[in-house]
Amino acid sequence: MAVTSLEITRRSVVLDGRSFGDAGAYEKIAGVLRFGVDPIHPANQAVTDLALAPRNGAGLVESTADFYLLRPVDPARGSRRLLLDIPNRGRKVALGMFNSTIRVPDPTTAEDFGNGFLMRHGYTVAWCGWQHDVPRQDGLLACTVPVARSGDGPISGPVLCEWRPNSRVETLPMADRYHIAQPTADLDDPAARLTVREHAGAPAVAIARAAWRFADATHIALVGGFAPGKLYELVYRAENPPLIGLGLLAVRDTAAWLRSGPAATGNPCAGALEHTYVIGVSQTGRFLRHLLYLGLNEDEAGRKVFDGVIVHVAGARRGEFNQRFGQPSLNATASVGSLFPFTDTSALDRVTGQRGAQLARLEARDTVPKIIAVNTSAEYWRGDASLVHSDVEGTRDAAPHPQTRLYLFAGCQHTPGTLPPPAADPNTGARGLQTFNVVDYAPLLRAVLTNLDRWVAGGVEPPPSAVPLLADGTGVPAEGTRAQFTRIPGVRFPDRIERPRRLDFGPDVARGIVHELPPKIGAPFVTFVPSVDGDGNDVPGVRPVELGAPLATFAGWNPRHPDQGAPGDLMSMLGSTVPFALTRAAREASGDPRPSIEERYASRAAYLARAREAAVRLVAERHMLAEDADAVVERAGQLWDFIVRA
């Protein structure tokens, strides 16, 4: 067992013992997990540079991870289900997604637990830090890992950083937002290179070395400042690479220990868990795809770890989660996360001659879990999600895997929409030309977890996959929708659609070692987006109530605001809400081809009746839970008020 101990630092009952339905009261436990990984064990060999890590007296590679747990005080009242939520950049996600609450580092108040969904259904919910470059501040969960060393001195290698500022700034950190950067090995390194592109797809232009400098080991400065909307890319040399792949093992071993570890090891869940599920969202969805790709669903004792997996809004990508000098938070398209293969079943890239499958290693070990992969319209419009279920030439749909279900949440953006929508992205300050997408897909996600549990525990097959397909014409080139969107007054169609390209990082990339940065760029993969109806709303996929009774065009894309540069490019992750005209007269005056709200619904009550019909239909299809129907219709009324009274 790779977990050697748990040091508990805090333990308390939640909400003074308030009962969450049949599951009763909950408690929370916070602490630090300690790991000792056997570097020669076959189950660990996928971790890059593990052989170069220091070992303790027992021959094990040590690491630690922050740990947080919510569990029923009386395990007998729980569901015997573990949901491991992989922290996104150190932040807890599951409560926000499933309990429809604001994400907080240490849930304490009744508001922090939202609708109590996970607790009412008896889940034990756990988090463990896995990311070495997350600062230990503001309740973020991180891990501590050793660095790789050779007998010939420090190991060095290239690092690539990418930025797109939304305002003019003088300096930039050599990491994503608040993360800890890989310091440069030489402040005066003449070989370090900085380039700039005017917009997505534009050629990279070198910036003279004399025009920029390392302000310190983890920041760069540019004469005249960095301009908003432009894409900057820095390649420099670092030393002493952390073993970031140990984060993959931390996630695997935490789940294995909670289910199978004895009480004598300090396991607070000993004997209380029967089924183990894991969810990754966005960055951590890509992390899960990487974990599955590497075959890491088996612990050192040879036991299958995860019974069920939810990969949410990851698209077809993986990431720098097992790479020498990798940056787990890097979201650049031209990274190792965009490498072939993409589909669960075997595929061939005829351009390169490569053949592979996302689940090949798991198939070989008979450790494939049940997997539900969900994407929104945003992941299709960013250019990669269709690769999950089509060939890379864009000529045919891929054969489905029997252990996998794939869903498009139609008309949704990367994160659930809110009412009212924010004026800017709270993470980056980025603004869009259109109002942000307000569709809340959380009820659909709760149904996904419930369907996964029924699949694992009872053998009840989930609803069939629902994604855009080439065979029925619901998957179309993004450019093919231009005419439908530009008919809508005020809508600017993007000038460019980005797509992943074939990349060459050098001969050792399969071992997690990159030599070519930036990589050599090859031909693009062919990808597509959902077809749209006359309103501009997605046709295929799981259509939420907002599309079943529409008041607007809800798109998964939004052009950048002109004030922030490159207005022909799309924003990252955020979509649009383009309301219908309120009246027929207003529609005709503006030339809007979409029927107005008054032409669709005789009254607010008539609209709500249509919304309830859509909700009932989703419940019948098992894409929404009956317990959510009333709340969804109530929110539909709030959406009416937001649009009609705006």
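We did not get these values from a lab; they are worked out from the coordinates using the rules stated. Bear in mind the structure is a predicted one, so any value in this text is a computation, not a measurement. All Cβ positions, even for glycine, are placed from backbone atoms using ideal geometry, and neighbour counts span all protein chains on display.
Data table
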{"read-out": "Percent of beta bridges antiparallel (DSSP, the chain, rounded to nearest 5)", "value": "75"}
{"read-out": "HN-Hα J in Hz across the range 381-387 - Karplus 6.51, -1.76, 1.60, θ = phi - 60°, x for Gly and Pro", "value": "6, 6, x, 10, 4, 5, 5"}
{"read-out": "Where GluC sites (Glu not before Pro) fall in DSSP loop in the range 501-603, at most 16 other Cβ within 10 Å", "value": "516"}
{"read-out": "Amide H contacts under 5 Å for residue 437, placed H, 5+ residues apart", "value": "575, 576, 577"}
{"read-out": "Contact order relative to length of the range 156-239, as percent, for alpha carbon pairs under 8 angstrom and 6 or more apart", "value": "51"}
{"read-out": "Neighbour-limited loop hits for trypsin sites (Lys or Arg not before Pro), the range 371-473 (at most 11 other Cβ within 10 Å; DSSP other than H, G, I, E, B)", "value": "396"}
{"read-out": "HN-Hα J in Hz across the range 511-526 - Karplus 6.51, -1.76, 1.60, θ = phi - 60°, x for Gly and Pro", "value": "8, x, 10, 9, 10, 9, 9, x, x, 6, 9, x, 5, x, 7, 8"}
{"read-out": "The range 262-359: GluC sites (Glu not before Pro) in DSSP loop, at most 11 other beta carbons within 10 Å", "value": "none"}
{"read-out": "Amide H partners (placed H, <5 Å) of residue 88, local residues excluded", "value": "93"}
{"read-out": "Three-way shape call for the range 477-591 based on the alpha-carbon gyration tensor, with the a/c threshold at 1.5", "value": "prolate"}
{"read-out": "Cα centre as origin, Lys/Arg/Asp/Glu Cβ charges: the chain dipole, Debye", "value": "280"}
{"read-out": "Cβ-based net charge around residue 356, under 14 Å, with every Lys or Arg adding one and every Asp or Glu removing one", "value": "+2"}
{"read-out": "Relative contact order for the range 485-604, counting Cα pairs under 8 Å that sit 6 or more residues apart, in percent", "value": "21"}
{"read-out": "Extension reserve of the residue 350-residue 5 stretch, reckoned as 0.36 nm per residue once the Cα distance is removed", "value": "119.3 nm"}
{"read-out": "Amide H contacts of residue 142 (H built 1.01 Å from N, under 5 Å, at least 5 apart or other chain)", "value": "66, 129"}
{"read-out": "Cross-link reach list, lysines versus residue 28, counting only Cα pairs under 30 Å and skipping chain neighbours closer than eight places", "value": "92, 304, 370"}
{"read-out": "Derived scalar couplings ³J(HN,Hα) [the range 280-292; Karplus, 6.51 cos²θ - 1.76 cosθ + 1.60; whole Hz; x for Gly, Pro]", "value": "x, 10, 6, 3, 7, x, 5, 4, 5, 4, 5, 4, 5"}
{"read-out": "Of 463, 372, 451, farthest towards positive along the dipole that unit charges on Lys, Arg, Asp, Glu beta carbons give the chain", "value": "463"}
{"read-out": "Reciprocal mean inverse distance between Cα atoms of the chain - Kirkwood radius, Å", "value": "25.6"}
{"read-out": "The chain, relative contact order in percent, only Cα pairs under 8 angstrom and at least six apart counted", "value": "11"}
{"read-out": "Within the chain, helix-based [θ] at 222 nm, where runs of 4 or more DSSP H residues each add -39,500 (n - 2.57), nearest 500", "value": "-5000 deg cm²/dmol"}
